[in-house]
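The values are calculated or read from the model by the stated rules, or taken from the named source; none is laboratory data. All values reported here derive from a predicted model rather than from experimental measurement. Don't worry about glycine lacking a Cβ; one is built from the backbone with ideal geometry, like all the others, and counts go over all protein chains shown. With ligands, DNA and RNA removed, areas are computed over all heavy atoms of the protein, side chains included. Shrake-Rupley method; radii C 1.70, N 1.55, O 1.52, S 1.80 Å.
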Amino acid sequence: QVQLVESGGGLVQPGGSLRLSCAASGRTSSSYVGWFRQAPGKEREFVAAISWSYDSPYYGAPAQGRFTITRDNTKKASYLQMNRLEPEDTAVYYCAASMGITDSITNQNNYQFWGQGTQVIVSS
């Protein structure tokens, strides 16, 4: 099994920043690691993803120009740096691992392992 644990969430004012971390353990032979989020009353939304082999980050629309995804193969960790946060960014953020992408990197069905999520609240 692959275990994923998110951390770094919390309460931040609009315009502020947060850095989320995703620590992996167990069998970590996945191809991609991604970040999704789910706000109250809304569907789960793709945020960003990156390959463990190539430095080729991919971002969803909400992340463009504001968020940066990175990974550390030695530490088996992925990070999501979030800047200029807005109230609309309030959500539970999930880390996910994919063994292989069959259609789209943004499709959550391609990710087999999920963390429990970390809460991000952007409010003044």
Notebook entry, point to check: Looking at region 37-96, which of the residues that are β-branched (V, I, T) and touching a strand residue (DSSP E or B) at 6+ places or on another chain (Cβ under 7 Å) is farthest from S124 (Cα to Cα)?
Noted result: I50
Item checked: Index of the failed condition, L4 passing every other in (1) touching a strand residue (DSSP E or B) at 6+ places or on another chain (Cβ under 6 Å); (2) open to solvent by 50 Å² or more (accessible area, probe 1.4 Å) -> (2)
Checklist line | Residues located in region 82-124, provided they are of a type in the set (V, I, T) and either open to solvent by less than 80 Å² (accessible area, probe 1.4 Å) or touching a residue at least 60 places away in the same chain (Cβ under 8 Å) (or both) | finding: T90, V92, I101, I105, T106, T118, V120, I121, V122
Next item on the list: Answer with yes or no whether G117 is of a type in the set (G, A, S), at pLDDT 95 or above, at positive phi and touching a strand residue (DSSP E or B) at 6+ places or on another chain (Cβ under 6 Å).
Entry: yes
Notebook entry, point to check: Hey, among Y58, Y79, which residue is touching a residue at least 12 places away in the same chain (Cβ under 8 Å) and either closer than 18 Å to S17 by Cβ or surrounded by 19 or more Cβ atoms within 10 Å (Cβ to Cβ) (or both)?
Noted result: Y79
Margin query: List the strands (runs of 3 or more DSSP E) inside region 1-74, counting only whole elements, that have at least 3 residues being touching a Phe, Trp or Tyr at 6+ places or on another chain (Cβ under 8 Å).
Written below: 2-7, 18-26, 32-38, 45-51, 67-72
